[in-house]
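Q: Next up is a structure, given as structure tokens.
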Amino acid sequence: MWFEVICGLIVYKIFRRFIYGEVDVPDVDAGGSEVSFIVADRLEKIYGGKAYVGLRIPDPETSSRQHIDVVLAAKKEILVVAVRNFSGFLEVGDGGNWVCTRDKKHKPENYPDPVLEVTKQVEILESYLELRGVSLPKGSLIGKVILPNPNCRPAYSIAFQNEVIPFAMWAELKSESKPGISSWIKGAFHGSKSETQDVWHQKLHFSLSTAPMWDRLEFKGDRKILGEFIDFKGNSDDLQALRQVNRSEVSQFLVQKPSLFDLGRSRLNILYYPRDYRRNAASVSELKEIAVKPSTEVLFQPLNSKKPRKFKLSSVASVSLSA
Ligand SMILES: *[C@@H]1O[C@H](CO)[C@@H](O)[C@H](O)[C@H]1NC(C)=O
Ligand SMILES: *[C@@H]1O[C@H](CO)[C@@H](O)[C@H](O)[C@H]1NC(C)=O
């Protein structure tokens, strides 16, 4: 009987590989950026507007970059969100750190207070946007800490902080839900008198979409992670051709299987958009294409990971390169 089970598994794996290509996405998300994308998608669905994930806002005071998980620029509010996928019991420890105790087998882990972190992020983003000419009435940026993990059990001292959205609240969030649930988004925006709201929104979106951010790697099957694209790995002919696909020239490349008709070639196509070209219908003619061996790999360093990882091009859907 075990023999049949094992044979079945092997056949299944081969079959799966055959049908889908190699899409086994390795467990690379130590930096936890995937959960930011999931939270950002849901915020967009609930509140509308556009979510920006993985910003790296220059902080003149420390001359470093401030990482921000998610910024949602909705019609009436700008949310600055720290996403923490904590699982287990969560309490405030000595010195104000948050202490997460997963279970008896794991040692409690200490984390910097995310409410303090997001408060600082709000300040830094505020000065950055003002520097770029987006005038912000006081209090129009709202900092929130979202705890989206169903297994996160925060102590009262955490759950009842204004900035904190524990899982129970997160699960129930709706756009126009009862007061008390959505009232955490107060402080509706009032545009400055000198410009109309539309112009203001355009400026805001332009500033956020061109702000420094992490590169992002999207796998087939919609999983996305943040980090830094480093290079391609492959044979020298392909690498020579791929030199054009570099950060200064290209803002995004897509990976496509060749159409059914040229299956025989068994190459992968890399399609890319030249940088600074607005992606719209008119840019189709600007799309460029390079065919490479399917064994080509992408060298990418995930957020908070100590070393770069290699990913098979065949498991990649697209890579966006920040300027
Ligand atoms: C959140 O954490 C849990 C472990 O507690 C993990 O299984 C899950 O994959 C994480 N979610 C994301 C989206 O990373
Ligand atoms: C980037 O691409 C451009 C245009 O294709 C090329 O001229 C340039 O040498 C490339 N830069 C690097 C570092 O390879």
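The values are calculated or read from the model by the stated rules, or taken from the named source; none is laboratory data. Here the structure is a predicted model, which is why all the values come from computation and not from measurement. In this analysis, Cβ positions are derived from the backbone assuming ideal geometry, glycine residues included, and neighbour counts consider all displayed protein chains. Side chains are part of the model used for accessible areas, which takes the heavy atoms of the whole protein and leaves out ligands, DNA and RNA. Shrake-Rupley method; radii C 1.70, N 1.55, O 1.52, S 1.80 Å.
Q: Ordered by packing density, taken as the mean number of other Cβ atoms within 10 Å over each peptide's residues, highest first, how do 133-142, 146-155, 44-53 rank? Before the final figure, lay out the partial values.
A: On the way: 133-142: 15.0, 146-155: 18.9, 44-53: 17.3.
For the peptides 133-142, 146-155, 44-53, the packing ranking is 146-155, 44-53, 133-142.
Q: Order the following by accessible area, largest value first: His106, His201. Probe radius 1.4 Å; ligands, DNA and RNA are ignored.
A: Descending order: His106, His201.
Q: What nm distance separates the two modelled labels at Leu131 and Ala171, each placed 7 Å from Cα along Cα→Cβ?
A: The modelled label-to-label distance comes out at 4.2 nm.
Q: Between Ser63 and Gln161, 0.36 nm times their residue separation minus their Cα-Cα distance comes to what?
A: 32.2 nm
Q: Hey, another quick one. With every protein chain in place, what's the accessible area of Ile124 (1.4 Å probe, Å², nearest 10)?
A: 20 Å²
Q: Rounded to the nearest 10 Å², what accessible area does Lys75 show when all protein chains are kept and the probe is 1.4 Å?
A: Roughly 150 Å² of Lys75 is accessible to a 1.4 Å probe.
Q: Measuring from label point to label point, each 7 Å out along Cα→Cβ, what is the Glu44 to Ile230 span in nm?
A: That separation, rounded to one decimal, is 3.0 nm.
Q: Would you check the accessible area of Ser236, probe 1.4 Å, heavy atoms only, in square angstrom rounded to 10?
A: We get 90 Å² for Ser236.
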